[in-house]
1. Does region 101-126 hold any residues that are modelled with pLDDT under 95, open to solvent by 60 Å² or more (accessible area, probe 1.4 Å) and either assigned to a strand (DSSP E or B) or touching a Pro at 6+ places or on another chain (Cβ under 8 Å) (or both), and which are they?
2. Applying the selection to region 1-47, what residues are over 22 Å from I73 (Cβ atoms) and part of a helix (DSSP H, G or I)?
3. Restricting to region 39-59, what's the tally of residues that are touching a residue at least 12 places away in the same chain (Cβ under 8 Å) and open to solvent by 70 Å² or more (accessible area, probe 1.4 Å)?
4. Being at pLDDT 95 or above, among the basic types (K, R) and touching a strand residue (DSSP E or B) at 6+ places or on another chain (Cβ under 8 Å) narrows it down to one residue among K62, K49, K98; which is it?
5. Mind checking which pairs have a first residue in region 102-124 that is free of Cβ contacts under 8 Å to residues at least 60 places away in the same chain and a second that is of a type in the set (D, E, K, R) and open to solvent by less than 50 Å² (accessible area, probe 1.4 Å), Cβ under 6 Å, 6 or more apart or different chains?
Amino acid sequence: MNTKEDRSEIEALEQREANAMLAADTSALQTLWADDMVVNSTANLIAGKQVLLEMIQNGRLKLRMYDRRPVRISVFGDLIVTTGNEVSQLIGDTAEFKLFVSYMNVWTKREGNWQLLARHVGLIHRDRTEPTQ
């Protein structure tokens, strides 16, 4: 898993998951996320798959824009660790925020498919933005 094609596959997987988050596509996330996934977020929230899917479905986790840039991909057998930077714009009830973060995703291969097993997001900077209609 060190070829250019392998790296392209993982970068595409990262982008598919980011696109699903932006589109609030819970069906895609249901398959991309492992059932035992754990996420440590910038909101000081440690949550699993079901909690995050519910937050997306009820609109508590909604994105206006989401740009993910993987910087490093490290392979450890059936585990892949990706690290990089993200810029996202969260839509809230009273305000919108633009977040600049670093991230680490841990992907695992189960039954022939890659799934996101763990994710850590570290806040670099947060800007309050004017809500757009």
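1. K109, R110, N113, L123, I124, H125, R126
2. Hits for region 1-47 are A23, T26, S27, Q30.
3. Filtering region 39-59 for residues touching a residue at least 12 places away in the same chain (Cβ under 8 Å) gives 39-42, 48-49, 52-53, 56-57.
Retained after the next criterion (residues that are open to solvent by 70 Å² or more (accessible area, probe 1.4 Å)): 57.
Number satisfying all stated conditions: 1.
4. Result: K49 is the single residue among K62, K49, K98 that is at pLDDT 95 or above, among the basic types (K, R) and touching a strand residue (DSSP E or B) at 6+ places or on another chain (Cβ under 8 Å).
5. Y103/E86
The values are calculated or read from the model by the stated rules, or taken from the named source; none is laboratory data. Treat the numbers as computed from the prediction; the structure is a model and nothing was measured. Glycine gets a Cβ as well: all are built from the backbone with ideal geometry, and neighbour counts include every protein chain shown. With ligands, DNA and RNA removed, areas are computed over all heavy atoms of the protein, side chains included. Shrake-Rupley method; radii C 1.70, N 1.55, O 1.52, S 1.80 Å.
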